[in-house]
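**Student:** I have a structure here, written as structure tokens, and I will follow up with some questions on it.
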Amino acid sequence: MRKVWYIIQREYLSRVRKRSFILLTLLLPVLVGVFTIVMVKIATSSGEKLQIAVLDESHLFQDKFRGLDVGETLRFDYLLDTTLSYEKLKKTYAEKYDAFLYIPKMDVAKNVEVTYYSSSELGTVTQTRIEKAISEERRKIVLENNKYDVEIIDQLDKDITLNKIINNEKKQGNSDISSLIGYLCGMLIYIFLIVYGAMVMRGVTEEKTNRIIEVLITSVKPFQLMIGKIVGIGAVGLTQFILWAIFTMIVQTVLQLVYGNELMALKSMNASSQAMQMSEAKQLAFNLTTSLADLDIPRIVFSFIFYFIFGYLFYAAQFAAVGAAVNEDTDAQSFMFPITIPIIISIVLMSVTIQQPSSNTAIWSSMVPFSSSIIMMARIPFHVAWWQQILSMFILVISSLGMIYVAAKIYRIGILTQGKKITFKEIGKWIFY
């Protein structure tokens, strides 16, 4: 056990001390912070600064345009002077305004044509706001003219609330947050399996090619060497994820302190720019809050760590076996294909699982060890039955131990095999030696 621990230390320290590891670990949170700053700067300076004169000959949309103003960036000047003519204002609007919006007298039951005059093209956001304001007011007027109760119709237009009782507990949020959390967890595990599994394979291949392995084998058994390498590199990945989380939180905290005013301005601007959709925004915020409250966070964290570790062990053993069997990187690529295909298929199945977490496809793929670490993590935010998760975990543990046993037999022979073209048939024979 002491020898295995020395190997773990060697693999771990040799990698975390590399400049590439330090730079990547520090660079990602910094990039997140820079991206946040750039988005804030773009968002706070991207609003159209327009002052638009509105001449409404029918006087039907006065209140609507007064509610469309967005701070100092977008202002609608609703003209109440009845002596102003359309032709006169058309000629003189450029002296005081950036644009002129003309709404003629109209029959709201027919098609409505509105004219916008300006020296530059109107942005899609502002155009949509204008069209939606006029359309909603027109709809309201038509309904009232036909003696329909507008308030009742507005009530009928509202979304239906679906109350969910899961395991005798009422869940108030929707499934969007569960889908997002499941997708992020599954994607993180997918990235970890691909990146650090390949790192294990390259590490074994390099030591075999440089003949370092022949020196190491004189001191430790091949099985101890393989386990030490797998655990050591896995610990590097786990360390990097933890550091990313910590540094990202630090960067976000610093941004709040340094750019607090800009962030508040952005929130204020978003709030005012969404004035037409305030009810939807409130509902979205409510759904977000209740969905997060409904999630079983301790279970998600525990499950992520478990599937993170054992999913890695299951695949890292395969990558280590391939690294021991091949002599060149070109051969490794062909042997990697059967290993990476189940991981890629798991990502495809994850999209189906998020949409239908209780389907037969989702249940069975969350039990199969080749896909369970990704698929089950996508299902857990949906309050999957405990017996299904425990069965999946049991199968994955047994499969990981079995895969390590098989990989060790391949590793034991392949690690000292030099100058020979290896085939799948040959590897199959090594398993039964």
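The values are calculated or read from the model by the stated rules, or taken from the named source; none is laboratory data. Quick caveat, the model's predicted, so the values are computed rather than measured. Quick reminder, even Gly has a Cβ in these numbers, built from the backbone with ideal geometry, and neighbours come from all protein chains shown.
**Student:** Which of (1) of a type outside the set (Ser, Thr, Tyr); (2) under 19 Å from the mean Cα position of the chain (by Cα); (3) modelled with pLDDT of 70 or more is the odd one out, the single condition residue 284 does not satisfy?
**Tutor:** The one condition residue 284 does not meet is (3).
**Student:** Still on this structure, I have one more. Suppose we keep only residues that are of a type in the set (Val, Ile, Thr) and in contact (Cβ under 8 Å) with a residue 40 or more places away in the chain within the stretch 21-40. Which one would you say is farthest from residue 242 (Cα to Cα)?
**Tutor:** Checked the stretch 21-40; the qualifying residue farthest from residue 242 (Cα to Cα) is 40.
**Student:** To continue, here is another question. Do the conditions hold for residue 375, that is, is it at pLDDT below 90, surrounded by 15 or more Cβ atoms within 10 Å (Cβ to Cβ) and in the same structural domain as residue 185 (by TED's automatic domain parsing)?
**Tutor:** no
**Student:** In addition: Against the conditions (1) over 23 Å from the mean Cα position of the chain (by Cα); (2) of a type outside the set (Ser, Thr, Tyr); (3) at pLDDT 85 or above, where does residue 428 fall short? Just the number, please.
**Tutor:** It is condition (3) that residue 428 fails.
**Student:** Check residue 329 against each of (1) surrounded by 15 or more Cβ atoms within 10 Å (Cβ to Cβ); (2) at pLDDT below 90; (3) over 30 Å from residue 75 (Cβ atoms) and name the one condition it does not meet.
**Tutor:** Failing condition for residue 329: (1).
**Student:** I'm checking my understanding of the structure. Among residues of the stretch 379-400 that are of a type in the set (A, V, I, L, M) and modelled with pLDDT of 90 or more, which one is nearest to residue 344 (Cα to Cα)?
**Tutor:** Taking the candidates together, the pick is 396.
**Student:** Would you be able to say whether some residue in the stretch 391-408 is of a type in the set (Phe, Trp, Tyr), in contact with a helix residue (DSSP H, G or I) (Cβ under 8 Å, 6 or more places away or on another chain) and either surrounded by 12 or more Cβ atoms within 10 Å (Cβ to Cβ) or part of a helix (DSSP H, G or I) (or both)?
**Tutor:** So far as the stretch 391-408 goes, no, none of its residues is of a type in the set (Phe, Trp, Tyr), in contact with a helix residue (DSSP H, G or I) (Cβ under 8 Å, 6 or more places away or on another chain) and either surrounded by 12 or more Cβ atoms within 10 Å (Cβ to Cβ) or part of a helix (DSSP H, G or I) (or both).
**Student:** Restricting to the stretch 171-227, what's the tally of residues that are assigned to a loop (DSSP other than H, G, I, E, B) and modelled with pLDDT of 85 or more?
**Tutor:** 0
**Student:** On the given criteria, is residue 361 in the same structural domain as residue 180 (by TED's automatic domain parsing) and at pLDDT 85 or above?
**Tutor:** Criteria met by residue 361.
**Student:** Looking at the stretch 38-68, which of the residues that are surrounded by 15 or more Cβ atoms within 10 Å (Cβ to Cβ) and over 22 Å from residue 98 (Cα atoms) is modelled with the highest pLDDT?
**Tutor:** Restricting to residues being surrounded by 15 or more Cβ atoms within 10 Å (Cβ to Cβ) and over 22 Å from residue 98 (Cα atoms), the top hit is 60.
**Student:** Oh, and also: Among the residues of the stretch 295-309, are any part of a helix (DSSP H, G or I), among the β-branched types (Val, Ile, Thr), under 25 Å from residue 238 (Cα atoms) and touching a Pro at 6+ places or on another chain (Cβ under 8 Å)?
**Tutor:** Yes, the stretch 295-309 contains at least one residue that is part of a helix (DSSP H, G or I), among the β-branched types (Val, Ile, Thr), under 25 Å from residue 238 (Cα atoms) and touching a Pro at 6+ places or on another chain (Cβ under 8 Å).
**Student:** Sticking with this structure for a sec: Check residue 345 against each of (1) outside any helix (DSSP H, G or I); (2) surrounded by fewer than 16 Cβ atoms within 10 Å (Cβ to Cβ) and name the one condition it does not meet.
**Tutor:** Every condition holds for residue 345 apart from (1).
**Student:** Here are the criteria: (1) surrounded by fewer than 17 Cβ atoms within 10 Å (Cβ to Cβ); (2) free of Cβ contacts under 8 Å to residues at least 40 places away in the same chain; (3) not in a helix (DSSP H, G or I). Tell me which single one residue 384 does not satisfy.
**Tutor:** (1)
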